[in-house]
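This report refers to the structure that appears directly beneath it.
The values are calculated or read from the model by the stated rules, or taken from the named source; none is laboratory data. Since the structure is predicted, the reported quantities are computational estimates derived from the model, not experimental observations. Here the Cβ positions follow ideal geometry from the backbone for every residue, glycine too, while neighbour counts run over all protein chains shown. Ligands, DNA and RNA are stripped out before the accessible areas are found, and what is left, the full protein with its side chains, is counted by its heavy atoms. Shrake-Rupley method; radii C 1.70, N 1.55, O 1.52, S 1.80 Å.
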Amino acid sequence: MEVIEFSRTRRLRSTPVLRRLVRETRVSAAALVYPLFIRDGQGVREELTSMPGQIRYSPDTICEGIEAALSDGVSSFLLFGIPDFKDACGSGAYAPDGVVQQALANIKRAFASDAYLITDVCLCEYTDHGHCGLIVDDAVDNDSTLPLLAQTALSQLAAGSDMVAPSGMMDGTIAALRSALDSQGFVSAPILSYAAKYASAFYGPFRDAAGSTPQFGDRRAYQMDYHNSREALHRIATEIEQEADAIIVKPAQPCLDIIRQARDSFDVPVAAYQVSGEYAMIKAAGAADMIDEHLVMLESAVGIFRAGADILISYFGPQLALAIHRGEIG
Ligand code: PBG
């Protein structure tokens with residue numbers, strides 16, 4: 001009989017322990033960031049209909065959310081403010097007693113450095129028109145928005161923020177923030193830049209939660225077209241030049257290639273933001289018994305890390321931390 005030579009697929013002669021020993025992708029709860037929403041008011045604990053399982057707090061209740069997440073193993077947070085009062089210039093974003101500023105003071109008083117607080121720097125949750133910057137002649141005006149973003153970052157740092165994360169995609173934001181922070185004594189405050197932020201339908205549930213849907217037009221003038229990847233690399237390079245300390249790719253699952261390219265091309269930490277729509281889809285399909293929510297959550301998170309993310313910003317933060325603790329992934 002003729003002998004056919006063929007090479008077999010290389011498979012590890014494995015046991016569960018060996019499979020864990022040789023995993024290429026390691027996941028740690030220390031790499032997770034959990035976003036939290038804070039609105040005006042007192043005693044607020046409302047579940048977001050568009051994001052089941054996520055709770056909106058007020059400055060006096062936010063510490064409950066932080067405490068619960070800390071006990072699940074997450075210690076880094078991304079804070080978003082949702083004021084009742086909105087105006088054309090988003091003044092709630094940089095008010096010394098704004099919702100985020102109040103929350104920061106309360107959290108720092110209760111948890112000091114146990115909780116690492118990152119604050120979103122953008123005007124869209126604070127403007128009555130819902131855009132990320134000032135409107136001049138019916139369009140978002142890049143340059144006049146920059147001083148307001150710098151003022152927002154400064155007021156957050158003064159209230160206790162550990163790192164500022166500008167998300168509005170205005171050109172020159174990082175340079176404007178860096179020089180303002182340096183001149184006001186925040187030389188060691190890092191900037192996490194949303195450098196690669198796509199104009200994405202996956203932000204839908206967030207806009208619902210934050211009441212930040214643009215009242216006219218859309219964000220395509222300042223967020224990126226998802227057909228492009230070189231544009232993302234160009235933006236990241238520009239923002240690193242302006243001294244961004246770390247960058248965000250957003251959304252995550254549709255942008256695994258961007259995460260990988262960012263990781264391979266630059267040496268700053270890369271954060272991936274698994275956004276509201278990614279979360280809501282997994283929750284909804286899970287609730288409808290179409291998928292196993294927990295397993296899909298695990299696989300998505302590991303996939304994002306495998307693509308090259310150093311940090312994962314996710315509404316699944318606490319659930320993932322518990323799964324990591326139990327050894328289900330990582
Ligand atoms: C604010 C901001 C948005 C998100 C984070 N920061 C909304 C937007 O750009 O419309 C979206 C986050 C999410 O969907 O979870 N500019």
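Kirkwood's formula applied to the C-alpha pairs of region 149-298 gives a hydrodynamic radius of 16.6 angstrom. In the full protein context, the chain carries 46 Å² of accessible surface per residue, based on a 1.4 Å probe and ignoring ligands, DNA and RNA.
Counting only DSSP beta bridges with both residues in the chain, the antiparallel share comes to about 20 percent. Normalised Debye scattering of region 226-277 at q = 0.15, 0.29 Å⁻¹ gives log10 I(q)/I(0) of -0.36, -1.24, counting only Cα atoms as equal scatterers and leaving out solvent. Between residue 196 and 248, 250, the built amide H atoms are under 5 Å apart, and every one of these is 5 or more places off in sequence or on another chain.
Taking Cα atoms only, the orientation of helix 62-72 departs from the longest principal axis of the chain by about 20 degrees.
Sort 264-271, 187-194 by packing, meaning the average of other beta carbons within 10 Å per residue, with the highest value first. Provide the component values of the computation, followed by the final result.
Values: 264-271: 17.1, 187-194: 19.4.
The packing order, highest mean first, is 187-194, 264-271.
Between 290, 281, 163, the residue with the greatest mean-square fluctuation in the GNM of the chain (Cα pairs under 10 Å linked by springs) is 290. Per residue, the convex hull around the alpha carbon atoms of region 1-148 comes to 245 Å³. Here region 228-327 is described by how far its Cα atoms reach on the three principal axes: 46, 29, 17 Å, from widest to narrowest.
Could you order 108, 250 so the one with the most accessible surface comes first? Probe is 1.4 Å.
Values: 108 45, 250 20 Å².
Final ranking, largest accessible area leading: 108, 250.
Contact order, relative form, for region 206-299: 22 percent (alpha carbon pairs under 8 Å, 6 or more residues apart, mean separation divided by residue count). Taking the longest Cα principal axis of the chain as reference, the axis of helix 173-183 is set at about 60 degrees. For the chain, the longest principal axis of the alpha carbon atoms and the long axis of helix 276-287 meet at an angle near 50°.
For region 26-246, the relative contact order works out to 18 percent when only alpha carbon pairs closer than 8 Å and six or more residues apart are counted. Starting from the Kirkwood Rh over alpha-carbon pairs, what translational D in µm² s⁻¹ does region 33-73 have by Stokes-Einstein at 37 °C and 0.692 mPa s? Taking Rh from Cα pairs, D becomes 314 µm²/s. Each 20 Å bin, from zero up to the one with the longest distance, holds this percent of the alpha carbon pairs of the chain: 31, 57, 9, 2, 0. Considered as an equivalent ellipsoid built on the Cα gyration tensor, region 290-330 has semi-axes of 15, 13, 10 Å, the largest given first. Each residue of region 103-116 is assigned a 3J(HN,Hα), and the resulting list reads 4, 4, 4, 5, 5, 5, 4, 7, 10, 6, 8, 5, 10, 9 Hz, derived from the Karplus form 6.51 cos²θ - 1.76 cosθ + 1.60 (θ = phi - 60°), x at Gly and Pro.
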